[in-house]
Every structure is written in structure tokens, then in C-alpha cells.
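Novice: This is the structure I want to talk about, given as C-alpha cells.
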Amino acid sequence: MLDVYSTINSVSQNFSLSSAPPPTLPLPPPSSPPTVSRYELQKRRDWNTFGQYLRNHKPPLILSRCSGANILEFLKYLDQFGKTKVHSCNCPFFGDPHPPAPCNCPLKQAWGSLDALIGRLRAAFEENGGRTETNPFGARAVRLYLKEVRDTQAKARGIAYEKKKRRNIKQRISSTNICD
Ligand SMILES: [Zn+2]
């Protein structure tokens, strides 16, 4: 019994190996240059990731029916793969860019990564036949969400994303206090 099983197993393994079709690559569009930039590669990867997300979504989502709300959902979904510590307002290291010890605050996607990602997906959407007017990556809700993420992370991490001199210290202190 065991022998038969292992024979079948190895036969089927051999079979699947030998019968595997050669990998076929999609033909690049004729206009694409011979050397592809890192940006282009990243954009294609992002576009594939997003396509996968749509297919795995329950219920499945159709690209042409995607709204800004779906994009927000996608961005929040990505947070679980994030590597950026974003302190909660209850954390003693809230607002500290160099915390002296570890804490239990969640890891999220850094604002800069999300912002760049949305830029690439927005371009990819239109390169894949989407219209500017219906581009969900350019939706107002997405812009507002990114701004909110930027502001929240700037406060939580004590990192200013836009280097502006702030002379008004009172304003800085009050803006750090977002707990309520
Ligand atoms: Zn923390």
C-alpha cells in the first residue's frame, strides 16, 4: 500500500514537472522602452497587488466600480504589512522621534509610502484605460485620508513631513495634544 502510494506520488510529481508549460510572459506594450525603470516596475507590482486585492475581496470588487471608499479600505488593509511604528496618544513615546524603549503601539504603513503608492496606482489606472474623471485613486476622500494620515503620523512620530519653521511654540504644543 505504502509503496504504491509513494510510486503514484512520485509519478504524479514527475508528470506535473515534465508537463508544466513553459512560463509565458505577457508581451510588453510596444511603446515601452527596453529598460524599465524602478518606478515602472514598482508601479506594475502595485497594480498587480491591487488587482489581487480586488479579486480576493469578499464580495469581489470590479475595478470600474471602485470608489474612493474602496481605495481607503485597501490602504487600511495594507497597514497590517506596515513597518512604521505609529504611537497611540496614550503611549509615553507619543511625539518622540527616537523612543528610548520598545512599546506595543501598532506598526503601520508610513504616510510617505502610501502617498507614493497612490501616485503610482493613479497613473496605472489611467494607463490601463481608466478615465481621469472616474479615477478612484484621485478621489477627494483619498486625498483627505492621506492628509489625515500625514498629520497624525507627524504628531505621533514627532516627525514633520514638511519642513516649516514654526516659531509659535504654543501652537506646536496644542497641536501635539490630539488625545481627546
Ligand atoms: Zn508607542
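Novice: Please return the ranges of helices (runs of 4 or more DSSP H) entirely within the range 45-157 where 1 or more residues are among the basic types (Lys, Arg) and touching a helix residue (DSSP H, G or I) at 6+ places or on another chain (Cβ under 6 Å). Write out each step before concluding.
Specialist: Details: elements: 68-78, 111-127, 140-157.
Hits in the range 45-157: 111-127, 140-157.
Novice: Pairs needed: first member in the range 75-102, in contact (Cβ under 8 Å) with a residue 40 or more places away in the chain; second member anywhere, acidic (Asp, Glu) and within 12 Å of the ligand (Cβ to nearest atom); C-beta distance under 8 Å; at least 6 residues apart or different chains.
Specialist: If the second residue must be acidic (Asp, Glu) and within 12 Å of the ligand (Cβ to nearest atom), the pairs left are HIS87/ASP96.
Novice: Next up: Taking the range 52-108 on its own, how many of its residues are within 16 Å of the ligand (Cβ to nearest atom), polar (S, T, N, Q) and under 16 Å from the mean Cα position of the chain (by Cα)?
Specialist: Going through the range 52-108 one residue at a time, the tally reaches 1.
Novice: Looking at (1) of a type in the set (D, E, K, R); (2) more than 16 Å from the ligand (Cβ to nearest atom); (3) under 16 Å from the mean Cα position of the chain (by Cα), can you tell me which one ARG131 breaks?
Specialist: The single condition ARG131 does not satisfy is (3).
Novice: Consider ARG166 against the criteria (1) touching a helix residue (DSSP H, G or I) at 6+ places or on another chain (Cβ under 7 Å); (2) at pLDDT 95 or above: it satisfies all of them except one. Which criterion is unmet?
Specialist: (2)
Novice: If you don't mind, there's one more thing I want to ask. Restricting to the range 55-74, name every residue that is of a type outside the set (Phe, Trp, Tyr), touching a residue at least 12 places away in the same chain (Cβ under 8 Å) and surrounded by 16 or more Cβ atoms within 10 Å (Cβ to Cβ).
Specialist: Those that are of a type outside the set (Phe, Trp, Tyr), touching a residue at least 12 places away in the same chain (Cβ under 8 Å) and surrounded by 16 or more Cβ atoms within 10 Å (Cβ to Cβ): CYS66, GLY68, ASN70, ILE71, LEU72.
Novice: Among the residues of the range 86-105, what is the count of those that are surrounded by 13 or more Cβ atoms within 10 Å (Cβ to Cβ) and not small (Gly, Ala, Ser)?
Specialist: Total satisfying the criteria: 10.
The values are calculated or read from the model by the stated rules, or taken from the named source; none is laboratory data. As the structure is a computational prediction, the values presented were derived from the model and not from experiment. FYI the Cβ positions are ideal-geometry reconstructions off the backbone, even for glycines, and counts take in every protein chain you see.
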